[in-house]
1. Among the residues of the range 392-403, is any assigned to a helix (DSSP H, G or I), of a type in the set (D, E, K, R) and at negative phi?
2. Assess whether Lys89 counts as being part of a helix (DSSP H, G or I) and either surrounded by 15 or more Cβ atoms within 10 Å (Cβ to Cβ) or in the same structural domain as Met141 (by TED's automatic domain parsing) (or both).
3. Counting residues that are closer than 25 Å to Ala306 by Cβ and either of a type in the set (Ser, Thr, Tyr) or in contact (Cβ under 8 Å) with a residue 40 or more places away in the chain (or both), which strands (runs of 3 or more DSSP E) fully inside the range 172-290 reach at least 2?
4. Tell me yes or no: at least one residue of the range 143-151 is in contact with a strand residue (DSSP E or B) (Cβ under 8 Å, 6 or more places away or on another chain), part of a strand (DSSP E or B), at pLDDT below 90 and not charged (D, E, K, R).
5. Report whether or not Leu405 is of a type outside the set (Val, Ile, Thr) and either surrounded by fewer than 13 Cβ atoms within 10 Å (Cβ to Cβ) or closer than 30 Å to Gly301 by Cβ (or both).
6. Hey, can you tell me all the residues within the range 238-267 that are out of contact with any strand residue (DSSP E or B) (no Cβ under 6 Å at 6 or more places or on another chain) and of a type in the set (Lys, Arg)?
7. Which count do you get for residues in the range 115-128 that are of a type outside the set (Phe, Trp, Tyr) and touching a strand residue (DSSP E or B) at 6+ places or on another chain (Cβ under 6 Å)?
8. Looking at the range 140-149 only, could you name the residues that are crowded, with 18+ Cβ neighbours inside 10 Å and within 16 Å of Glu222 (Cα to Cα)?
Amino acid sequence: MILNRNRHLFAGIALFAFGVSLGYLIDLPTPNVESAGTAPVISQEENYLDSANYVPVDDTAPDESPEPGLNLIQVTVKRGQGMMDILVKSGADRKDAYKAIKALSQHYNMKKLQIGQTLYAAYDADSRLSGLNMQKDFDHMIRVSRTDDNFNAALEDLPSIKITRHVEGVISDSLFQSAYREGLPNRVIVDMIRIFSFDVDFQREIRKGDSFEILYERKMSEDGRRVEEGNILFAKLTLRGKPISLYRYKPAKALFADYFHANGQSAKKALMRTPIEGARLSSYYGKRKHPVLGYTRMHKGLDFAAPTGTPIMAAGDGIVERASRYGSYGNYVRIRHNGTYKTAYAHLSKYGRGIKAGKRVKQGQIIGYVGATGRVTARHLHYEVLVNGKQVNPLRLKIPTGITLKGKDKKKFVTLAADVDQHINALKHNILLTWNQKVALNDTGKNEKSLFLQSY
């Protein structure tokens, strides 16, 4: 049934592409272009996706059709349950459950089992556990099958389609709220804020009337029922008329892709401008009247007011020197980034997962959460930057920049960035063009199909 539905779906897409091509051959008028600040310009690729009856990946699993004679039971992980509890409660013999879990563990770390996660248990006519199906991630399904008294597990690839989505809008209050109203998913908004966090102080530099633009990937299953947001390929913030454009690109010798300005300069710097998003800068570096002690003293950092539990990120790569209670600082984390720079984070409600002395962290990794521990009057993050062991004003710090592309890398990047610009311009005019996934700066996986149509 799914196969037939997919055939009809792709046949419809092919027919649509032919119609568009014919329209250009007879020189149909160009449709009006929507201006920035109106509803987001949606490409034909996005129209196809939005017309599908899909739900987020976490809410559903691929269709499971049991073999004849098997009874398929969907089970959901609940608080306090382990896999053994789940299977035994669904009707499995404890020995069979143990063997099935052992096989499943070859492809999945059982410690990562999440509350609300679903899997399917198959039982034969004698009510014996016959197999398990569990989705490992968006692209993979683990299938455990029974052979006599043993269980074997196999990792099955799930086909998917990768498309792009373009959105732009005007900021009327905060970037997060404005982007959300234009239809951007939370995860994409957070990623966009993160990649601009090296260049933009979101507490002070965002103004009403500024604008944003973004092109990002969205992956979906062939049946259209599961969706996963992908990488941001391009993003632009225009602040007081000055644009800041970033392109995703993976340098030849780099392990991971990064974001670069149009001139080939990496957006990444040694330290982020601010280690917390959506917070208000409530107290600056310098002398002030202490809110608890009542007398004037030096305030050697910045305070960011935010709700309890707001995530705090590592300002840069480094090693945790301390993660413990530290006098009036309360719950405290200090990170050594190199021989010169350190950062400190105080008054945390709790620490990030696995954060302890000696732990290596990456820039942007959550190292704790806002709280009100130590000598404070309200919940906030106290943030310090230390240069050669001395606290300095983070707002006046000249942060070392990242790499600059040169030679063949620079030439390739400039070409790809121009192709991205051309593609975005085409989407704004509702023109369907051939779009090579290499332009998207990300190779398409062997089980992914690109949905980009061509007009002749």
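1. In the first step, residues of the range 392-403 are kept if they are assigned to a helix (DSSP H, G or I); the result is 394-396.
Next, only the ones that are of a type in the set (D, E, K, R) stay: 396.
Retained after the next criterion (residues that are at negative phi): 396.
Yes; the residues of the range 392-403 include at least one that is assigned to a helix (DSSP H, G or I), of a type in the set (D, E, K, R) and at negative phi.
2. On the way: part of a helix (DSSP H, G or I): yes; either surrounded by 15 or more Cβ atoms within 10 Å (Cβ to Cβ) or in the same structural domain as Met141 (by TED's automatic domain parsing) (or both): yes.
In short, yes.
3. On the way: elements: 211-221, 226-239, 242-249, 258-260, 280-283, 286-289.
Filter on the range 172-290 gives 211-221, 226-239, 280-283.
4. Keep residues of the range 143-151 that are in contact with a strand residue (DSSP E or B) (Cβ under 8 Å, 6 or more places away or on another chain), which gives 143-146, 151.
Next, only the ones that are part of a strand (DSSP E or B) stay: 143-146, 151.
Next, only the ones that are at pLDDT below 90 stay: none.
No, the range 143-151 contains no residue that is in contact with a strand residue (DSSP E or B) (Cβ under 8 Å, 6 or more places away or on another chain), part of a strand (DSSP E or B), at pLDDT below 90 and not charged (D, E, K, R).
5. Working: of a type outside the set (Val, Ile, Thr): yes; either surrounded by fewer than 13 Cβ atoms within 10 Å (Cβ to Cβ) or closer than 30 Å to Gly301 by Cβ (or both): no.
Spelling it out, it is not the case that Leu405 is of a type outside the set (Val, Ile, Thr) and either surrounded by fewer than 13 Cβ atoms within 10 Å (Cβ to Cβ) or closer than 30 Å to Gly301 by Cβ (or both).
6. Arg240, Lys242, Lys250, Lys253
7. 5
8. Answer for the range 140-149, where residues must be crowded, with 18+ Cβ neighbours inside 10 Å and within 16 Å of Glu222 (Cα to Cα): just Met141.
The values are calculated or read from the model by the stated rules, or taken from the named source; none is laboratory data. The shown structure was predicted, so the numbers you read here are calculated from the model rather than taken from an experiment. Neighbour counts run over all protein chains shown; Cβ positions are idealised from the backbone, glycine included.
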